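Notes follow once the structure below has been shown.
The values are calculated or read from the model by the stated rules, or taken from the named source; none is laboratory data. Source: prediction; values computed, not measured. No Cβ is skipped: glycine too gets one built from the backbone with ideal geometry, and neighbour counts run over all protein chains shown. These accessible areas exclude ligands, DNA and RNA; they are computed on the full protein's heavy atoms, side chains included. Shrake-Rupley method; radii C 1.70, N 1.55, O 1.52, S 1.80 Å.
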Amino acid sequence: VDIAVVGAGPGGMAAAVAARSAGRSVVVLDEQPRPGGQIYRGIENATPALRGVLGTDYAAGAAPVDALRASGAHYVPGAAVWQITRERELHYLQDGAARRLRAGRVILCMGAIERPMPMPGWTLPGVMTAGAAQILLKSSAVAPAGPVALAGCGPLLYLLAWQLRRAGVPVRAVIDTTDWRAYARALPLLPGALREWRLLAKGMRLLAALRGDGTAVYGGAQALAVEGDEAARAIRFIAGGRAHRVDASLILLHQGVVPNTHASMALRAAHRWDDAQLCWVPVTHETGELAGLPGVFVAGDGAGIIGAQACAVSGRIAGLAAAGNHAAPAEIAALLASLRRTRAARRYLDRLFRPLPSLRVPADDVIVCRCEEVTAGELRRLVRAGCEGPNQMKDFTRCGMGPCQGRQCAVTVSELIAAERGVPVEQVGHLRIRPPLKPITLGELAT
């Protein structure tokens, strides 16, 4: 095939449509049963009532999905990519069998994953990420029955609280960990953000709607901890100089998202630590092509968090560039200019919603690696014993070797080691990622 696109979120769909418009043959490998990614998950099957609950931004996903279906790109659902080679050969699982294809160009649109939020009690039953709750709402129209408390920071926290309220779910509280001083720190970036004032206005409307519904909203929260023995029953925190406790049978945590870099790291592409977004990002040219790896592009949030609309712009840029459309330089230039404006707004949000250090590098008794039950204290002890980086730490503790393959601990491990050693995170480095990127059985491998 001329071009293989991995992922069918906003970026992947836009990349596929753009490449097809340039006359290239395109295959889209998508792990989900239908296109849309996380942001538009289940849009084709969503009832009018569910679309109403999730809002107009979600309903807008019908148009790009329709465009993908009409583009002539070969869409392959249920395809879990478990290996990508530097020679642009893709291995994937579908219907219990291992398959492969070779592409002239590859565009990785792997999206984002939620940033871990390690804190006391975060491993208890009844504690989930906000993104997981939203997946259930979008894919199965499943909403929690009992009272809910949401804690953390970032736009998704308020969006999900608003969606749950519209679904009739009792939301006890939104506990925002954004430091009051963050507003002052972000103020110099506000003029750039005002170029995308509509995005900021949406956030203000969500907050106003929640307050209007009587939802308790706490700002500047710190010292968070989930209470419970066999399951979560409450969350306690300090806000406004006072101790608070909110009873809830379901506690949803969220402090932003980070790029899903497993595929680009497995390709041994260069990555750098982005201190503004506190995550690893691949090093790319402006069209998304990986530095030192011609023919492989990264588009959307996988190259740095930019939001759904900007992901579609990024995907179109990568699709046109991968197609080698020599008639498109003017369009690519205009799209790049649009992307720069959106990133100006993103820089404001990154500084405003910067997660608290205590919720990124937790106290000694808090579990960091959930799969192997490794605590922050054990990691610190090994750093003091001479461990200098996450790959050596993996040898000592199995951190990052569990079912999640480091997706829920890698960023925390790198930051904790750097903090304990007193060096930049860039100097500590990141976990080496190896195939299989997804679990594969011996039976599947044999095929």
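Structural remarks
- All positions within segment 19-32 that are under 24 Å from the mean Cα position of the chain (by Cα) and hydrophobic (A, V, I, L, M, F, W, C): 27, 28, 29
- Flag set for residue 256, criterion: open to solvent by less than 50 Å² (accessible area, probe 1.4 Å), within 21 Å of residue 132 (Cα to Cα) and either among the small types (Gly, Ala, Ser) or touching a Lys or Arg at 6+ places or on another chain (Cβ under 7 Å) (or both).
- From 208, 167, 184, residue being under 24 Å from residue 143 (Cα atoms) and without any contact (Cβ under 8 Å) to a residue 60 or more places away in the chain: 208
- Of all residues in segment 75-103, those that are open to solvent by 30 Å² or more (accessible area, probe 1.4 Å), assigned to a loop (DSSP other than H, G, I, E, B) and either within 14 Å of residue 1 (Cα to Cα) or touching a strand residue (DSSP E or B) at 6+ places or on another chain (Cβ under 7 Å) (or both) total 3.
- Within segment 390-409, residues that are under 25 Å from residue 256 (Cα atoms) and β-branched (Val, Ile, Thr) reach no partner that is open to solvent by less than 30 Å² (accessible area, probe 1.4 Å) and part of a loop (DSSP other than H, G, I, E, B) with beta carbons closer than 6 Å at six or more positions or on different chains.
- Residues (of a type in the set (A, V, I, L, M) and either in a strand (DSSP E or B) or open to solvent by less than 30 Å² (accessible area, probe 1.4 Å) (or both)) located in segment 159-171: 160, 161, 164, 169, 171
- The listed residue being in contact with a helix residue (DSSP H, G or I) (Cβ under 8 Å, 6 or more places away or on another chain), crowded, with 23+ Cβ neighbours inside 10 Å and touching a residue at least 60 places away in the same chain (Cβ under 8 Å), out of 150, 156: 150
- Only one of 14, 4 that is of a type in the set (A, V, I, L, M), open to solvent by less than 40 Å² (accessible area, probe 1.4 Å), assigned to a strand (DSSP E or B) and closer than 13 Å to residue 319 by Cβ: 4
- Residues of segment 397-435 that are more than 27 Å from residue 85 (Cβ to Cβ), small (Gly, Ala, Ser) and open to solvent by 20 Å² or more (accessible area, probe 1.4 Å): 419, 422.
- Hey, residue 72 over 21 Å from residue 438 (Cβ atoms), at pLDDT 95 or above and touching an Asp or Glu at 6+ places or on another chain (Cβ under 6 Å) or not: no
- Applying a threshold of 6 Å to beta carbon distances and a minimum spacing of six or more residues, or different chains, the list of pairs starting in segment 239-252 at a residue that is within 16 Å of residue 223 (Cα to Cα) and ending at one that is open to solvent by 70 Å² or more (accessible area, probe 1.4 Å) reads 245/236; 246/172.
- Residue match in segment 106-115 (condition: out of contact with any strand residue (DSSP E or B) (no Cβ under 7 Å at 6 or more places or on another chain) and either buried (at least 18 other Cβ atoms within 10 Å of the Cβ) or more than 24 Å from residue 311 (Cβ to Cβ) (or both)): yes
- For segment 173-183, the criterion of being under 22 Å from the mean Cα position of the chain (by Cα) and open to solvent by 40 Å² or more (accessible area, probe 1.4 Å) is satisfied by no residue at all.
- Those helices (runs of 4 or more DSSP H) lying entirely in segment 363-447 with at least 2 residues within 23 Å of residue 271 (Cβ to Cβ) and not charged (D, E, K, R): 376-384, 390-397, 410-421, 425-428
- Scope segment 230-274; condition farther than 30 Å from residue 430 by Cβ and either within 27 Å of the chain's Cα centre (by Cα) or not in a strand (DSSP E or B) (or both); matching residues: 230, 231, 232, 234, 235, 236, 237, 240, 241, 248, 249, 250
- Inside segment 172-229, residues that are in a loop (DSSP other than H, G, I, E, B) and either aromatic (Phe, Trp, Tyr) or in contact with a strand residue (DSSP E or B) (Cβ under 9 Å, 6 or more places away or on another chain) (or both) make up a count of 8.
- Residue match in segment 45-65 (condition: charged (D, E, K, R) and at pLDDT 95 or above): no
- Residue that is farthest from residue 28 (Cα to Cα), among those in segment 116-147 that are of a type in the set (Val, Ile, Thr) and open to solvent by 40 Å² or more (accessible area, probe 1.4 Å): 123
- Among the residues of segment 185-210, the ones that are among the aliphatic types (A, V, I, L, M), farther than 11 Å from residue 348 by Cβ and open to solvent by 70 Å² or more (accessible area, probe 1.4 Å) come to 1 in all.
- Among the residues of segment 34-43, none qualifies, meaning not one is within 29 Å of residue 436 (Cα to Cα), part of a strand (DSSP E or B) and charged (D, E, K, R).
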